[in-house]
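What follows is a short report on a single structure.
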Amino acid sequence: MRIRALAIRIILQFIKDKRTLALLFLAPLLVLSLMKLVFDGQAISPDIGTVDLPEAYIGGLSNANAAIIEYDSADEAQQALRENNLDAVIQIGANGPAITLEGSDPSMNKAILLLIQNTLQAKASSIAPAVTYLHGGPDMAPFDSFGPVLIGFFSFFFVFLLAGVSFLRERTSGTLERLLASPIRRSEVVLGYLAGFGLFTLVQSMLIAWYSIHVLGMYMAGQIGYVLLINLLLSLTALTLGTLLSSFASNEFQIIQFIPIVIVPQAFFSGLFNLDAMNPWLQKISNAMPLFYGADAMQGIMIRGEGWSDFQIDVYVLIGFSLLFALLNVLALKKHRRM
Amino acid sequence: MSAIPSMNAELEPALQLHQIQRRFNGKTVLDGISLTIPQGELFGLLGPSGSGKTTLIKLMTGIDQADGGSVRMLGEPIPQLKMLQAFGYMAQADALYNELTGKQNLAFFGALFGLKGEQLQARIQAVAALVELTDHLGKPVGAYSGGMKRRLSLAAALLHEPRLLVLDEPTVGIDPVLRRSVWAELSTLSKQGVTIIVTTHVMDEAEKCNRLGMIRDGKLIAVDTPEAIIAEAGVATIEEAFIALGQQQAVRSGTGATR
Ligand SMILES: Nc1ncnc2c1ncn2[C@@H]1O[C@H](COP(=O)(O)OP(=O)(O)OP(=O)(O)O)[C@@H](O)[C@H]1O
Ligand SMILES: [Mg+2]
């Protein structure tokens, strides 16, 4: 009854705030679209300068999507490399072929080395291995691989921000005091917030998932229902965490200060970057981060087509986080009313 | 609905404060306040800005808790969740949702106190008529004037027909005509048996109270009827009594401070 009244009030407030609605619903779509444009562009085509390279190799390299510019002397080629007109120079030295890379872009370095290796190998042996993919496929782009993480991340980020600011406003405008001067229970306040915001986060989750998969064409091997479930759970975690942390902020700016402390580290540990190279002890930090579990489940579902039994642990952990934060919220409200 | 029971609740005082202490960050804001307010009384709290009026009435309602002493409302010790149903509270700040219309605000606060359906609608109309906001209920509160917000805030405190009203400077920013009608309504409610506690800086409002409490530097320096307070101070008006009693207190605490 009181929970419903609180939820309805939050929904009414939200509907009247068009800008915030846009932030919640359109901003994630915009950022995802930009990400898609950035990471899903054309295959890299390096500019390679050659000096005295046999014709056979040059043919092989240009077939493999590289622009070849032939130079008469090594000095000329090196000069062009320094002037940033080339990405690499190949020349035949005393001890065989030598490659100089421009070197400032790691992904370019890798692409060139791979390309040269492949053309040299193709010459050397004619037995090509048969390649099959257990998950994904040859057309899978980087965007497909970390897209599921991004979906989770944006749901989390925007809901965290909005929930934090809304609850803070309730406090600073004095309406929380008025709310707590009525016989509402502290737990009802938290549940009312969950219900009111829950509706919007549900719509947001559906919108983001639909847009990523059907409009941006993100790789999707699993069931959309599972994606929605994980996304919703992530949003609820963000909601409870946002309202909890807002108790420790005294204005909107201080909410923003939580972003580098709470949100950004989660992005690092959530699978956007490969953590295998990291100190195993440090890797354990990710176990305390809700986004890690959400991203793990999202990648499993969307890329590997995982079913319930594969990701259920993530579901339980996310529910656990939400419950924990909600409970702490109820306790934090004690600061304002002790019963 | 009104679960504010106890068999002899009729006989109990509306409020009993005993030796209330309240400190903020080590600074004592309320010091040894004892006060009993019988049911049906219209009690006014006077005192300079920062003297602790708001702090005191928050303690009376259980919104805030004292560091020492005890508070009983209608015989029940507070803070207590069920006692929050027993009173209507109007804070010094308006505390309204600016995005929502006046009606939506009232509907929300009404629902918090368990009002619903036709009863809720009827109460909304009744309190809106009382503060003359009926024509403005459909407007977002953000578009209200300061006085309109104040009246809406008062209306929200009256919604659930509480037996005890706690109003923190209810008439600030309200024009004289409307102020008179608000006070007429408070008097009516008081005659119906509603206990009303009101803080004010307006002296002619103070004169309308059954009894006055004067608070200064966190101490209750006088509690009596307006007439008795004037007589004791040996002056002609409440305003003069307020100033005279304040000076006496200042002298006393001045000598006390040297101890
Ligand atoms: N939450 C708080 N934290 C710290 N100090 C506080 C707090 N609330 C009130 N105070 C202090 O307590 C004292 C009394 O404040 P209070 O608001 O009760 O005064 P008041 O009598 O209502 O004044 P006014 O007439 O201006 O409303 C002031 O010195 C104020 O600074
Ligand atoms: Mg005050």
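Annotations for the structure displayed:
- Pairwise centroid distance, computed over Cα atoms, of the range B:92-152 with the range A:160-181, Å: 19
- Label zone of residue B:172 (point 7 Å out along Cα→Cβ, amide N under 20 Å): in the range B:212-238 this covers B:213-219.
- Only protein heavy atoms count here; under a 1.4 Å probe, residue A:293 has an accessible surface of about 30 Å².
- Taking the C-alpha atoms only, the angle from helix A:142-172 to the longest principal axis of chain A is near 30 degrees.
- Phi angles across the range A:317-322 convert, under the Karplus curve 6.51 cos²θ - 1.76 cosθ + 1.60 with θ = phi - 60°, into 3J(HN,Hα) values of 5, 5, 4, x, 4, 4 Hz, Gly and Pro given as x.
- Against the main long axis of the alpha-carbon atoms of chain A, helix A:2-16 sits at an angle near 50°.
- Amide hydrogen neighbours beyond the local backbone of residue B:36, cut-off 5 Å, H modeled: B:17
- Of the residues A:315, A:203, ranked by 1.4 Å probe accessible area with the largest first, the sequence reads A:203, A:315.
- With all protein chains modelled, accessible area of residue A:212 [1.4 Å, Å²]: 0
- Accessible area of the protein assembly as shown belonging to carbon and sulfur atoms, whole % at 1.4 Å probe: 58
- 10 Å Cβ neighbours from other chains, averaged over peptide A:183-195: 2
- Distant-in-sequence amide contacts of residue B:29, defined by a placed amide H-H separation under 5 Å and a gap of 5 or more residues or a different chain, comprise B:22, B:23, B:24.
- A straight line joining the Cα centroids of the range A:75-119 and the range A:195-246 runs 45 Å.
- Antiparallel content of DSSP bridges confined to chain A, in %, to 5: 40
- DSSP bridge orientation in the protein assembly as shown - percent antiparallel, rounded to nearest 5: 50
- Largest GNM mean-square fluctuation among B:206, B:14, B:231, using chain B with Cα springs under 10 Å: B:231.
- Between residue A:327 and residue B:240, the modelled label-to-label distance comes to 6.6 nm, taking each label 7 Å out from Cα in the direction of the beta carbon.
- Those residues of the range B:62-98 for which accessible area with every protein chain present is at least 50 Å² below the isolated value (1.4 Å probe): B:63, B:65, B:81, B:84, B:95, B:97
- Residues B:201, B:136, A:214 ordered from highest to lowest accessible area at a 1.4 Å probe: A:214, B:201, B:136.
- Residues whose placed amide H lies under 5 Å from that of residue B:165, excluding near-sequence neighbours: B:88, B:195, B:196, B:197
- Per residue solvent-accessible surface (Å²) - the protein assembly as shown, probe of 1.4 Å: 47
- Computed [θ] at 222 nm, deg cm²/dmol, chain A (DSSP H ≥ 4; -39,500 (n - 2.57); rounded to nearest 500): -20500 deg cm²/dmol
- Principal-axis tilt of helix B:102-112 within chain B, Cα atoms, nearest 10 degrees: 70
- Each stretch of four or more DSSP H residues adds -39500 (n - 2.57); spread over every residue of chain B, this sum gives -11500 deg cm²/dmol at 222 nm.
- Taking all protein chains as shown and a probe of 1.4 angstrom, residue A:20 keeps an accessible surface of around 30 Å².
- Share antiparallel - DSSP beta bridges, chain B, percent rounded to 5: 55
- Per residue of A:172-179, other chain Cβ atoms within 10 Å of the residue Cβ number 6 on average.
- Placing a label point 7 Å from the Cα of residue A:11 along the Cα-to-Cβ direction, the residues of the range A:169-193 with a backbone N closer than 20 Å are A:188-193.
- Applied to the range B:184-194, the Karplus parametrisation 6.51 cos²θ - 1.76 cosθ + 1.60 on θ = phi - 60° returns per-residue 3J(HN,Hα) values of 4, 5, 4, 5, 4, 4, 4, 5, 6, x, 6 Hz, with x for Gly and Pro.
- Partners of residue B:191 within straight-line reach, counting aspartates and glutamates whose Cα lies under 13 Å from its Cα and excluding those fewer than 8 residues away in the same chain: B:41.
- Sorting B:89, A:71, A:133 by accessible area puts them as A:133, A:71, B:89; the probe is 1.4 Å, largest comes first, and only protein heavy atoms count.
- Rounded to the nearest whole Hz, the Karplus-based 3J(HN,Hα) values (6.51 cos²θ - 1.76 cosθ + 1.60, θ = phi - 60°) of the range A:260-267 follow the sequence x, 8, 9, 8, 4, x, 5, 4, with x at glycine and proline.
- Accessible area buried, both sides summed, chains A and B with 1.4 Å probe, Å²: 2600
- Centre-to-centre, using Cα atoms only, the range A:257-301 and the range A:16-50 are separated by 21 Å.
- Candidates A:11, A:261, A:301, ranked by Gaussian network fluctuation over chain A, Cα under 10 Å, top entry: A:261
The values are calculated or read from the model by the stated rules, or taken from the named source; none is laboratory data. These numbers were taken from a predicted model, which means no experiment stands behind them. FYI the Cβ positions are ideal-geometry reconstructions off the backbone, even for glycines, and counts take in every protein chain you see. Each accessible area value is taken on the protein alone, full model and side chains, heavy atoms only, with ligands, DNA and RNA left out. Shrake-Rupley method; radii C 1.70, N 1.55, O 1.52, S 1.80 Å.
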